[in-house]
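The values are calculated or read from the model by the stated rules, or taken from the named source; none is laboratory data. Given the structure is predicted, the values throughout are model-derived calculations rather than measurements. So basically every Cβ, Gly included, is an ideal-geometry build from the backbone, and we count neighbours across all protein chains shown. The area values use the complete protein model at the heavy-atom level, side chains included, leaving out ligands, DNA and RNA. Shrake-Rupley method; radii C 1.70, N 1.55, O 1.52, S 1.80 Å.
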Amino acid sequence: MTRGAESRIRDSAIFTYYIPQAASRFTFHVSEPRFTFQNQKAMITTRKNHTTDTTEKLRISGMDCADCAISIEKSLETVPGVRSASVSFGAGTAQVSYDPAVATHDALVRRVSELGYNVEETVAANTQTGPLEFVIEGMDCGDCARTIEKTVEALPGVAQASVNFGSARLSVTPQVSAQLPETSTIERVVTAAGYRATPVAKRRSGERLPFWKRERRVVNTTVGTVAALIGLALSFTPAPPWLVNVFFAVGIVVAGAAFARAGLLALRAGRADMNLLMTVAAVGAVLLGDWGEAVTVVLLFAFGGTLQSYTLDKTRGAIRALMDLTPATALVRRADRSNGLPLMREVRLPVEEVQPGETVLVGHGERLPLDGVVLQGTSSIDQSPITGESVPVDVEPGSEVFAGTINGPGALSIRVERAAKDTTLARIIEMVEEAQGRRAPSQQFVDRFSAIYTPVVIVAAALIAVLPPLLFAQPFSEWFYRALVLLVVACPCALVISTPVSIVSAIGAATRRGVLLKGGATLEALGKVKAVAFDKTGTLTEGRPRVVAVRALDGDNDALLKLAGMVEARSEHPLAMSIVHASRNLKNGAPEATDFKAFPGLGAKAVVDGREVYVGNARLFQEQGIPVDGVASLLEEEQEQGRTAVLVGTREGALGVVSLADNPRHDAKEAIRGLREAGITYVAMLTGDNPRTAEAIAREVGVDECYAGLLPADKLDVVERITREHGPVAMVGDGVNDAPALAASEVGIAMGVAGTDAALEVADVALMSDDLSRLDYAVLLSRRTLSTIQVNIAVSLLVKAVALVLAALGWLPLWGAIFADMGVSLLVTLNGMRLLAYGRR
């Protein structure tokens with residue numbers, strides 16, 4: 001049993017492995033076959049049967065601020081049977097856990113529909129028993145997402161509707177044993193709420209509409225503006241005032257109907273969002289007889305919302321671009337038995353219908369439809385969509401290839417290894433969407449702040465409207481106007497949107513560079529990291545031992561290597577395979593080795609040309625009584641350089657030494673230098689290898705300290721020690737033995753495609769290529785994101801404070817309050833969007 005671990009069997013049904021240092025627990029359930037890995041950062045569970053609560057993920061469009069997301073979330077939590085609801089403004093998704101015996105998918109959809117938001121679906125048929133996926137357009141805040149969720153959940157047959165604001169996706173889940181409504185019905189109710197829903201299946205097969213066609217408010221705002229300008233022009237003529245007000249009224253109704261509807265739906269959900277406040281402000285101005293200011297308020301808000309929706313649409317382009325990488329169909333080679341003969345024919349099918357084991361054909365310049373292994377053909381493939389690496393990779397029979405990558409000059413036959421929903425690209429998309437849905441600590445703070453701040457200001461506005469006229473005989477119209485201004489200023493849209501837009505933009509930029517960041521919390525944590533700990537084998541080194549020197553006592557190095565290769569030809573040890581590979585071109589005409597015998601942990605022997613030849617370590621030669629005096633100095637020199645020395649000899653004595661080493665990655669030294677330039681103050685290397693070999697690698701790559709001879713539990717101890725002495729630590733590894741240390745560190749970083757599934761699941765960051773230079777980019781991006789969020793929050797709070805003071809003193813007109821609120825919202829949105837271009841070359 002390793003140190004710091006307990007093993008126990010409970011009720012003969014559950015086996016648990018607990019690691020206190022990592023707050024991690026591995027559990028295998030015998031009675032209900034499933035495996036669980038649980039730690040402070042992640043919980044991964046697979047099971048055959050699920051009989052408890054149902055969890056559904058929904059995609060929402062129409063949210064234009066994080067306040068919309070809060071409205072949807074709070075409203076969902078009021079549905080009977082709902083355990084929890086979490087709506088991500090940044091990702092445009094909602095995740096709801098509920099008891100299917102009490103709550104239904106229809107009930108959840110009704111709630112979203114009531115709030116007036118939009119949805120996307122993945123299939124066109126209404127017989128779908130799984131979630132329908134829609135692309136939603138028109139959301140510009142989190143409240144929009146909540147409105148869509150309530151609206152769709154009101155439809156019969158819908159158990160849950162969840163909107164991911166960041167990716168502008170709506171996912172609609174049916175009730176158990178129920179049929180979802182027609183997709184056209186869902187599109188219609190979303191449209192009625194003021195947004196646009198397009199099934200993913202329809203959207204994928206056709207071109208994407210221009211923004212002004214997808215976003216209905218563009219037309220509404222334009223028509224409303226034209227009507228207002230006509231009214232303004234008439235005001236300078238002898239035209240009667242009532243005619244001027246008619247055109248102003250047309251502008252108010254056309255441009256303001258959508259957000260007025262959304263505001264009323266939010267009120268039904270028990271929330272006062274920005275849409276409701278704008279509606280109250282416009283109606284209040286009309287009641288005061290100021291039609292010109294009322295139409296100005298409406299048009300400023302409509303224009304600001306449209307512009308913000310456009311910028312957010314650009315921000316969400318990262319996920320949309322990923323989804324568009326995979327072709328919708330694949331050319332499949334299948335057996336045609338229609339004539340009684342198993343003839344092979346080529347047929348083009350939707351990628352969802354292609355099964356693992358089938359053969360797909362990919363021509364020159366085509367995108368690969370699925371993950372697989374090359375059966376026939378040679379080519380070069382652009383894997384930048386997966387790894388971020390622009391240099392094409394040569395492939396041949398036996399090479400692994402990925403969906404979404406681009407084939408080069410050759411034609412390929414590929415055996416499919418994974419279904420469409422399980423491809424590496426599909427997994428990346430899922431990880432990015434989940435990442436955009438996870439709230440950063442700063443966002444959680446902002447959400448808590450706004451939840452208290454907004455009601456307080458609303459109460460203050462009511463007191464300002466009522467108390468001065470009642471207590472001091474002040475004119476009601478003047479103080480009612482001030483209250484309206486204060487209500488508009490009260491909405492914390494800019495503050496709430498300041499964090500998620502930055503997070504979504506940064507995650508999108510990192511994804512394009514082959515870096516997967518699992519959420520806003522990861523971004524913030526990585527930006528605060530002071531130290532980095534590397535695993536050695538496969539991370540700082542190539543992970544493959546190579547022959548680096550051959551030293552024969554008689555000077556014939558080729559003959560010595562050839563002799564060692566013939567003995568090791570039947571061994572499966574990694575060192576033996578490296579020797580065989582190095583000697584491959586030297587074996588022409590050589591006799592075959594016979595009477596092979598392996599000595600586990602020591603080496604091997606065989607008979608070559610009548611001589612008994614031994615290949616192994618010094619201990620093997622010592623146990624066999626073979627003198628090694630002639631190579632003692634060579635052994636010492638190799639050990640000083642951190643190399644693995646393999647002796648070659650006969651019963652009479654050693655003939656020489658073959659030296660092997662796991663060489664550092666070509667970019668390891670440069671990567672560590674880049675980390676120091678990025679502000680990392682301490683770099684360590686952790687390995688289970690022997691101290692001399694580890695220290696040699698450490699010197700070559702330039703780490704500050706080397707910890708050798710470590711077991712997985714020991715790595716946990718070292719990570720905790722580094723944290724105490726140097727601050728937050730990022731752990732970089734690629735193996736199962738690194739998983740506990742990855743979980744225990746402040747930020748775990750896995751070496752992507754080459755890494756194991758366990759490391760990828762536990763890690764917070766995944767590098768999808770073997771390029772270590774991505775590390776300093778990830779650190780710099782995280783720190784830039786932190787500074788951007790801090791600037792956005794500071795600007796939002798400062799402008800809000802100034803506006804509140806001016807509103808209370810009566811120095812801020814209603815149109816000025818709208819301009820200040822929407823202006824700052826757009827400012828922080830654009831500032832966050834600058835991260836999309838970070839690191840672009």
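Assorted remarks:
The rows are residues; the columns are (1) in contact with a Phe, Trp or Tyr (Cβ under 9 Å, 6 or more places away or on another chain); (2) in a helix (DSSP H, G or I); (3) among the hydrophobic types (A, V, I, L, M, F, W, C).
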residue: Leu798; (1), (2), (3): no, yes, yes
residue: Val802; (1), (2), (3): no, yes, yes
residue: Leu812; (1), (2), (3): no, no, yes
residue: Ser825; (1), (2), (3): no, yes, no
residue: Thr829; (1), (2), (3): no, yes, no
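- Listed conditions (1) modelled with pLDDT under 85; (2) hydrophobic (A, V, I, L, M, F, W, C); (3) over 22 Å from Thr693 (Cα atoms) are all met by Ala564, apart from (1).
- Some residue of segment 766-782 being touching a helix residue (DSSP H, G or I) at 6+ places or on another chain (Cβ under 9 Å), among the polar types (S, T, N, Q), open to solvent by less than 30 Å² (accessible area, probe 1.4 Å) and modelled with pLDDT under 80: yes
- Test for Gly263: is it outside any helix (DSSP H, G or I) and either modelled with pLDDT under 85 or more than 30 Å from Ala69 (Cβ to Cβ) (or both): no
- Tally of residues being under 24 Å from Val219 (Cβ atoms) and either free of Cβ contacts under 8 Å to residues at least 24 places away in the same chain or β-branched (Val, Ile, Thr) (or both) across segment 239-255: 7
- Checking segment 613-620 against the condition returns a match, with at least one residue being open to solvent by less than 20 Å² (accessible area, probe 1.4 Å), of a type outside the set (Phe, Trp, Tyr), under 23 Å from Gln641 (Cα atoms) and not in a strand (DSSP E or B).
- Any strands (runs of 3 or more DSSP E) falling wholly within segment 657-735 and containing at least 1 residues that are among the hydrophobic types (A, V, I, L, M, F, W, C), in contact (Cβ under 8 Å) with a residue 24 or more places away in the chain and buried (at least 20 other Cβ atoms within 10 Å of the Cβ): 682-686, 729-733
- Considering residues of segment 644-654 that are in contact with a Leu (Cβ under 8 Å, 6 or more places away or on another chain) and surrounded by fewer than 22 Cβ atoms within 10 Å (Cβ to Cβ) only, the residue farthest from Arg546 (Cα to Cα): Ala645
- Single unsatisfied condition, Gly642 versus (1) in a loop (DSSP other than H, G, I, E, B); (2) more than 30 Å from Asp771 (Cα to Cα); (3) of a type outside the set (Val, Ile, Thr); (4) modelled with pLDDT under 90: (2)
Let's see how each residue does on (1) closer than 22 Å to Ala730 by Cα; (2) at pLDDT below 85; (3) over 19 Å from the mean Cα position of the chain (by Cα); (4) polar (S, T, N, Q):
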position	(1), (2), (3), (4)
Ser505	no, yes, no, yes
Thr511	yes, yes, no, yes
Lys518	yes, yes, no, no
Phe534	yes, no, yes, no
Gly538	yes, yes, yes, no
Arg544	no, yes, yes, no
Val547	no, no, yes, no
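- Candidates Val747, Val795, Val753 - the one that is open to solvent by 20 Å² or more (accessible area, probe 1.4 Å) and at pLDDT 85 or above: Val795
- Filter result for the condition that a residue is farther than 30 Å from Asn792 by Cβ, over 47 Å from the mean Cα position of the chain (by Cα) and open to solvent by 20 Å² or more (accessible area, probe 1.4 Å), over Pro475, Pro468: Pro475
- Residue list for segment 544-591, restricted to those being farther than 21 Å from Gln639 by Cβ, open to solvent by 20 Å² or more (accessible area, probe 1.4 Å) and outside any helix (DSSP H, G or I): Asp554, Gly555, Asp556, Ala569, Arg570, Ser571, Glu572, Lys587, Asn588, Gly589, Ala590, Pro591
- Residue check for Ala758: closer than 30 Å to Ala285 by Cα, open to solvent by 20 Å² or more (accessible area, probe 1.4 Å) and modelled with pLDDT under 85: no
- Flag if Ala671 is at pLDDT below 90 and either over 29 Å from Gly565 (Cβ atoms) or of a type in the set (Gly, Ala, Ser) (or both): no
- Pairs linking a residue in segment 528-552 that is basic (Lys, Arg) to a residue that is open to solvent by 10 Å² or more (accessible area, probe 1.4 Å) and assigned to a loop (DSSP other than H, G, I, E, B), with Cβ atoms under 7 Å and 6 or more positions apart or on different chains, are Lys528/Pro728; Lys530/Thr681; Lys530/Gly727; Lys530/Pro728; Lys536/Asp689; Arg544/Asp662; Arg546/Asn663.
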